[in-house]
Amino acid sequence: MRRLLIPIAALIAVLAVPAGASAYTLGISDQQAATFTNPLFAPLKIKSARYITPYDVMDSPADKAQLDAWLSAARAAHQKILVSFEHSHRGSRAKNLPSVAAFTKELKKFKKAYPFVKRISPWNEVNRKIFDAGGGSFQGQPTWHNPKRVAQYYMAARKVFTGSTIVGIDLLDEKDVTPALRFLKSFLRYAKPTPKVIGFHNYSDTNRFSTTRTRKVLAAFPGKVWLTETGGIVKLGTSFKPDEKRAARALGCMFTLAKTNSRISALFVYQLFSPDDPATARFDAGLINPDGTPRPGYAVVKSRKARSCHK
């Protein structure tokens, strides 16, 4: 009888999991070192964290200081770290697309300084088009029109970070996912070998209570998909007016998208903190208020509570 208990228990466990259910890892994508020491972080039981830094961080003392602080705090909190690179933060260099040789040189500097980082995303939101945001600043990435160069960055990262997990490409879905799909398909023609995992930021699906964009990306790529940045948007310009309850419902949809797609093996929710002044901020996806109190979305993430992706 004792020998029969384990097989029977295992069978019950299998039957309890819906067909196509995903065993995903929940992480956080967050730029604040203070995240890991905030008293509301530990109850979330998150063990993976993602950070975005410029590809030339080793040549930028200010960016490197922020990276060092974040890495120190994340490691102290026993996080499995994913680092995603992006454009330079140094003035006009932000709009420049580095050569593959220059990019490789910077990756080698990074690896030498941080050999413990074993998960790398070569470039963040590669398809996010550059546009003038006013005040001499801009939004977007200089990779937005060059899938071939993105593939070259991926292949360079594979050579530098041997034995590491390389997220081949990191895409933003946007309201119309068609350009992102074109970018992905073009990237895959150049990327050799085909990546085992790609990153996808499915904000539009999650916050429009849809599954269409995510399903299309899964159809276009046969490997694992990590939702390397996703979450419930409290506020975004004129697209999403401030609404904490809507953001909480969106987080429930986010969990449904992850739980019902077996090839989604990780998701990183963005982010713990809200802006210091949510009323004037253009973008807000925080789980807690500036005064440290939890928003409705915090409880959703803590419980991993999925809900229907229908309004």
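Just one of the numbered conditions (1) among the small types (Gly, Ala, Ser); (2) closer than 25 Å to Ser186 by Cα; (3) open to solvent by less than 10 Å² (accessible area, probe 1.4 Å); (4) out of contact with any strand residue (DSSP E or B) (no Cβ under 8 Å at 6 or more places or on another chain) is not true of Ala250: (2). Quick check: anything in the range 129-137 crowded, with 19+ Cβ neighbours inside 10 Å and either in contact with a strand residue (DSSP E or B) (Cβ under 8 Å, 6 or more places away or on another chain) or within 19 Å of Leu82 (Cα to Cα) (or both)? No, the range 129-137 has no match at all. If the condition is being surrounded by fewer than 16 Cβ atoms within 10 Å (Cβ to Cβ) and of a type in the set (A, V, I, L, M, F, W, C), then the range 41-56 contributes only Ala42. Among residues of the range 57-106 being surrounded by fewer than 16 Cβ atoms within 10 Å (Cβ to Cβ), of a type in the set (Ser, Thr, Tyr) and more than 22 Å from the chain's Cα centre (by Cα), the one that is nearest to Ala157 (Cα to Cα) is Ser99.
Inspect all residues belonging to the range 81-91 and state whether any of them is of a type outside the set (A, V, I, L, M), at pLDDT below 95 and in a helix (DSSP H, G or I). Yes, that holds for at least one residue.
Just to check your reading of the model, which residue among Thr211, Thr230 is crowded, with 24+ Cβ neighbours inside 10 Å and not basic (Lys, Arg)?
Thr230
Restricting the range 189-208 to residues that are closer than 30 Å to Pro242 by Cα, free of Cβ contacts under 8 Å to residues at least 40 places away in the same chain and of a type outside the set (Gly, Ala, Ser), the residue that is surrounded by the most Cβ atoms within 10 Å (Cβ to Cβ) is Phe200.
Only one of these is open to solvent by 10 Å² or more (accessible area, probe 1.4 Å) and in contact with a Leu (Cβ under 7 Å, 6 or more places away or on another chain): Pro290, Pro294, Pro275, Pro242. Name it. Every option except Pro294 fails the conditions. Of the set (1) touching a helix residue (DSSP H, G or I) at 6+ places or on another chain (Cβ under 8 Å); (2) within 18 Å of Gln32 (Cα to Cα), all apply to Arg304 but (2).
Could we say that Thr280 is at pLDDT below 95 and either over 26 Å from Thr37 (Cα atoms) or open to solvent by 10 Å² or more (accessible area, probe 1.4 Å) (or both) here? Can you show your working first?
Values: at pLDDT below 95: yes; either over 26 Å from Thr37 (Cα atoms) or open to solvent by 10 Å² or more (accessible area, probe 1.4 Å) (or both): yes.
Against the criterion (at pLDDT below 95 and either over 26 Å from Thr37 (Cα atoms) or open to solvent by 10 Å² or more (accessible area, probe 1.4 Å) (or both)), Thr280 qualifies.
Please verify whether Lys109 is in contact with a helix residue (DSSP H, G or I) (Cβ under 6 Å, 6 or more places away or on another chain), open to solvent by 20 Å² or more (accessible area, probe 1.4 Å) and charged (D, E, K, R), treating the condition exactly as stated. For Lys109, the condition - in contact with a helix residue (DSSP H, G or I) (Cβ under 6 Å, 6 or more places away or on another chain), open to solvent by 20 Å² or more (accessible area, probe 1.4 Å) and charged (D, E, K, R) - is met. In the range 128-189, counting only strands (runs of 3 or more DSSP E) that sit wholly within it, the ones holding 3 or more residues that are modelled with pLDDT of 95 or more span 170-172.
The values are calculated or read from the model by the stated rules, or taken from the named source; none is laboratory data. Everything numeric here is computed off the predicted structure, so don't read it as measured data. Cβ: placed from backbone, ideal geometry, glycine included. Neighbour counts: every protein chain shown. Accessible surface areas use protein heavy atoms only, side chains included; no ligands, DNA or RNA. Shrake-Rupley method; radii C 1.70, N 1.55, O 1.52, S 1.80 Å.
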